[in-house]
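Just below is one structure, and these are the notes that go with it.
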Amino acid sequence: YFRALEDVGIHLNRPQIQAVRHGKGPLLTLAGAGCGKTTVLAARAGYLMAMRDIPASSILLVTFTSKAAAEMKLRIAGLPGVRPAAARAVQARTFHSFALAMLRHHGVQDEVFGETQAQHTVMKMMLRQLGLSEAFQPESLLAALSAWKAEGRSADELPETVREEADAKRAMLAYEAWKQERNKMDFDDILLRASVLLRDPDVLQPLQRRFSHIMVDEFQDTNALQYEMVQRLAARHRNLMVVGDDDQTIYTFNGARQESILEFDKVYKDAKVITLDINYRSDARILGLGSNIVAKNVHRRSKRLSAAGHEGLPPQFATPSGPEEEAAHIVTHLLGQVEEGQLRYRDIAILHRTASGSRSIFEQLIMRDVPFIQYGAGAVFYDQTLIRPLMDHLRLSLNPRRMESIPSTLGPLYVSREAGMEWIMREEKQQAKKYPLIHLSRWDRLRDFQRQQVKERIRLIRSLTTMKPAYAIQEMRRVFYDKYLESGDTGAWTHYKETMQESLEELETAAKRFDTVEAFVSFADELSERHRQMESLRREEDSDAVRLMTIHRAKGLEFPCVYWIGASEGILPHSSALHSELPEDRRAGAAPTAAVDNDAALEEERRLAYVAVTRAKELLYITSPASNHGKPAAVSRFLLEAYGVTPPEASKPETRRGSFGQPKNASGYGSRVSGGASASGVATRVSSKPGPGNAAARTATSVAGSRTEPRISVPVWKCTDDACKAWMR
Ligand code: ATP
Ligand code: MG
């Protein structure tokens, strides 16, 4: 069989073969990124069918995304001895699609609106009905609700210490009620209901009989409910194979429990453990960097990975002055690579840490006509739910008659948009000379305080025109959000507030580039227009376009060329992992203590950095902007640690001096990796072409429409280990 596999180009190594051939009982396949875990899963499914006569329909293969499930089926179909019908019959599913199939089988007819888009639409509708559209982003509300429910709690139990929380909770409860009244369920409901159903022996036993072999990919990111489901299903045959990498647990905020994989062989005492330690994805130096980064985590199983690939170009590094320059640099550089025919657009991924962290690069890509697909995001930054109303206020300040912008000003007044707009339109017909919002102030349905608010709003809008756009944003933020953002932290809402704060800061940063409200607004409008024109590109899965996504989304994927942007303190590691519990001595700039660095949040950030780096096959470009949201930002400690450079006074990014740490042994990976990213303190030769496309010689164009922006000079890529150290000097 393995020879037949080789005939179709799959040359498995010994431990891989061992995993594929594994007989009965639980099996844990533990391996670092790119060591062929997913490859082995597919091969084992084929092997079981071809060599062990296991019917396809008895195999359950759980993947993390539905895209991965589809790919898995394709892979299996290409294996020797697998008939097309058999490949189709394999149950390659996500937890959710499996749970849903089960619910359906047991007569649950509730309609799913699993598409996040549909959930957004409903949440948006609830917010609108409650007059809260302006105050909340549906995405973040849904995420907060989901995290809350993943722990088995209902929305009724959410805390509501301040009014905004009570408002958010009202929206969530309305959303839950809306579903129940219409017999609908979302993803969280599906999982919850399925796991309850599985506790019934009459449901469980037939499934246990049917699935003789259960395999789970990305096991390190299963949450408690999912793990429980797997355990129950596998309880009879006990042929449970899980594959994963504890270094890639990056969804703990969604309930993922790293313990599931770390303790698998304690729960299943007879489990066979096979480790795969040859990475076939990345060039040696890229793998070396990834290994060195994650080696600093304490909460992990240590691994020694070696690279099958050769020592290609070392990871390249640049320190642009800020995200704008970073974006300009990257776009210039990638255009150069594509023009020179080295890469196609589709070979390139740009990875960022947070949702709002893609704003600058997104704008550069659009304004410079680079075809790209952004995974997981539906809209231009300025059109997002939280941002849109602020932009609408700016638009109204330029043109008070702009009807499309009126509805978003109604939200915070707690009046129905429909009724409000109806009144305005009616008045408009009778006395068209007045501005629409002035009509509103005369609406007989308003209570006194609301009328007062409309008047204040009119005053605010009038004053915006004369302000610098960034100041106008600050002003609106102060009026609309500050009270809430500064109100005390109550666990459930912290994450939500953080995203909100981040988006607002990003908006302010974006506005700073413009001198007038008019210039800012027309830039945002042009961006939306161009984004619309790229619509068809986004609909085709396979289009030749750059992939732009968060690191979370990139899990399990690989690309010939990766740009990891925002490798700076406060971005990755994210500020939320830093400001938590920094002890006094750390703040004063003392050497980092183990206790701080082992903080769980920081370890998860480090795993994210590891995931980012290990997506790259041949080319890896890392940028550390020296500022973020106008504040100085140091190079990410994860890079400095990896090269044995002591982070300079970690929480004081303005200090740029530091000293070299003791040279360390290249403990993170095996002997096949030499040079490159080894933390041996020996500088590696810079084999750098000075950036393909002669990036150094080019000057990035400034963002169209922003005359105030200074011309950007492009920094030169440097080989990472030299560059990191030089930078610290
Ligand atoms: P991740 O942790 O990122 O999910 P993974 O462990 O699932 O990674 P795969 O995606 O299965 O790794 O494999 C990584 C790359 O290595 C793929 O391009 C795959 O085709 C290749 N590969 C896997 N095993 C071998 C092998 N024995 N020989 C050659 N190439 C291999
Ligand atoms: Mg994988």
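The values are calculated or read from the model by the stated rules, or taken from the named source; none is laboratory data. Since we're looking at a predicted model, the values are computed, not measured. Neighbour counts run over all protein chains shown; Cβ positions are idealised from the backbone, glycine included.
Being away from ligand 1 (no atom under 11 Å from the Cβ) and crowded, with 16+ Cβ neighbours inside 10 Å is the requirement here; does Thr94 meet it? Give the derivation first.
Numbers: away from ligand 1 (no atom under 11 Å from the Cβ): yes; crowded, with 16+ Cβ neighbours inside 10 Å: yes.
Against the criterion (away from ligand 1 (no atom under 11 Å from the Cβ) and crowded, with 16+ Cβ neighbours inside 10 Å), Thr94 qualifies.
Looking at Ala31, is it near ligand 1 (Cβ under 9 Å from one of its atoms), buried (at least 19 other Cβ atoms within 10 Å of the Cβ) and free of Cβ contacts under 8 Å to residues at least 40 places away in the same chain? Reasoning before the result, please.
Working: near ligand 1 (Cβ under 9 Å from one of its atoms): yes; buried (at least 19 other Cβ atoms within 10 Å of the Cβ): yes; free of Cβ contacts under 8 Å to residues at least 40 places away in the same chain: no.
No, not satisfied.
Inside segment 620-638, can you point out the residues that are more than 20 Å from the chain's Cα centre (by Cα) and either within 16 Å of ligand 2 (Cβ to nearest atom) or surrounded by 23 or more Cβ atoms within 10 Å (Cβ to Cβ) (or both)? Break it down stepwise before answering.
Residues of segment 620-638 that are more than 20 Å from the chain's Cα centre (by Cα), as a first pass: 626-627, 630-635, 637.
Matches in segment 620-638: Ala633, Ala634, Val635, Arg637.
With more than 27 Å from the chain's Cα centre (by Cα) and within 16 Å of ligand 1 (Cβ to nearest atom) as the only criterion, which of Met241, Met215 stands out?
Values: Met215 fails: more than 27 Å from the chain's Cα centre (by Cα).
Residue meeting the stated conditions: Met241.
Among the residues of segment 304-336, what is the count of those that are over 25 Å from the mean Cα position of the chain (by Cα), among the small types (Gly, Ala, Ser) and away from ligand 1 (no atom under 16 Å from the Cβ)?
Of segment 304-336, the ones over 25 Å from the mean Cα position of the chain (by Cα) are 304-314, 336.
Next cut, among the small types (Gly, Ala, Ser) only: 306-309, 312, 336.
Checking the rest, the ones that are also away from ligand 1 (no atom under 16 Å from the Cβ) come to 336.
Looking only at that region, the number is 1.
Residues in segment 540-563 that are out of contact with any Pro (no Cβ under 9 Å at 6 or more places or on another chain) and in a strand (DSSP E or B): how many?
Quick first cut of segment 540-563, residues out of contact with any Pro (no Cβ under 9 Å at 6 or more places or on another chain) only: 540-542, 547-563.
Remaining after also requiring in a strand (DSSP E or B): 547-550, 559-563.
Counting residues in segment 540-563 that are out of contact with any Pro (no Cβ under 9 Å at 6 or more places or on another chain) and in a strand (DSSP E or B) gives 9.
Quick one: is Tyr280 out of contact with any Cys (no Cβ under 9 Å at 6 or more places or on another chain) and of a type in the set (Phe, Trp, Tyr)?
Details: out of contact with any Cys (no Cβ under 9 Å at 6 or more places or on another chain): no; of a type in the set (Phe, Trp, Tyr): yes.
Judged against the criteria, Tyr280 is not a match.
Every residue in segment 1-41 that is among the polar types (S, T, N, Q) and within 15 Å of ligand 2 (Cβ to nearest atom), please.
Let us first name the residues in segment 1-41 that are among the polar types (S, T, N, Q), namely 13, 16, 18, 29, 38-39.
The answer is Gln16, Thr29, Thr38, Thr39.
Looking at (1) surrounded by 17 or more Cβ atoms within 10 Å (Cβ to Cβ); (2) more than 16 Å from ligand 2 (Cβ to nearest atom), which is the only condition Leu61 fails?
(2)
Kindly evaluate Phe559 against the criterion of being out of contact with any Phe, Trp or Tyr (no Cβ under 8 Å at 6 or more places or on another chain), aromatic (Phe, Trp, Tyr) and within 30 Å of Gly312 (Cβ to Cβ). Spell out the reasoning first.
Details: out of contact with any Phe, Trp or Tyr (no Cβ under 8 Å at 6 or more places or on another chain): yes; aromatic (Phe, Trp, Tyr): yes; within 30 Å of Gly312 (Cβ to Cβ): yes.
Here the answer is yes, as Phe559 does meet what is asked.
In segment 244-255, which residue that is β-branched (Val, Ile, Thr) and within 12 Å of ligand 1 (Cβ to nearest atom) is farthest from the chain's Cα centre (by Cα)?
Thr249
For Leu460, are the conditions met, namely being in a loop (DSSP other than H, G, I, E, B) and of a type outside the set (Asp, Glu)?
On the way: in a loop (DSSP other than H, G, I, E, B): no; of a type outside the set (Asp, Glu): yes.
In short, no.
Residue under question is Pro55, and the condition is that it be more than 14 Å from ligand 2 (Cβ to nearest atom) and either in contact with a strand residue (DSSP E or B) (Cβ under 7 Å, 6 or more places away or on another chain) or hydrophobic (A, V, I, L, M, F, W, C) (or both); does it hold?
Details: more than 14 Å from ligand 2 (Cβ to nearest atom): yes; either in contact with a strand residue (DSSP E or B) (Cβ under 7 Å, 6 or more places away or on another chain) or hydrophobic (A, V, I, L, M, F, W, C) (or both): no.
Taking the combined requirement at face value, the residue does not satisfy it.
Spot the failing condition for Met185; the list is (1) free of Cβ contacts under 8 Å to residues at least 60 places away in the same chain; (2) in contact with a helix residue (DSSP H, G or I) (Cβ under 7 Å, 6 or more places away or on another chain), and only one is missed.
Exception for Met185: condition (1).
Here is a list of conditions, (1) modelled with pLDDT of 90 or more; (2) touching a helix residue (DSSP H, G or I) at 6+ places or on another chain (Cβ under 8 Å), and Leu287 meets all of them except one; can you say which number that is?
Among (1) modelled with pLDDT of 90 or more; (2) touching a helix residue (DSSP H, G or I) at 6+ places or on another chain (Cβ under 8 Å), the lone unmet condition for Leu287 is (2).
Within segment 207-215, does at least one residue satisfy the condition of being farther than 26 Å from Gly107 by Cα and not assigned by TED's automatic domain parsing to the domain that holds Ser133? Spell out how you get there, then give the answer.
From segment 207-215, those farther than 26 Å from Gly107 by Cα are 215; that's our starting set.
Right, trim to not assigned by TED's automatic domain parsing to the domain that holds Ser133 and you get 215.
So far as segment 207-215 goes, yes, one or more of its residues are farther than 26 Å from Gly107 by Cα and not assigned by TED's automatic domain parsing to the domain that holds Ser133.
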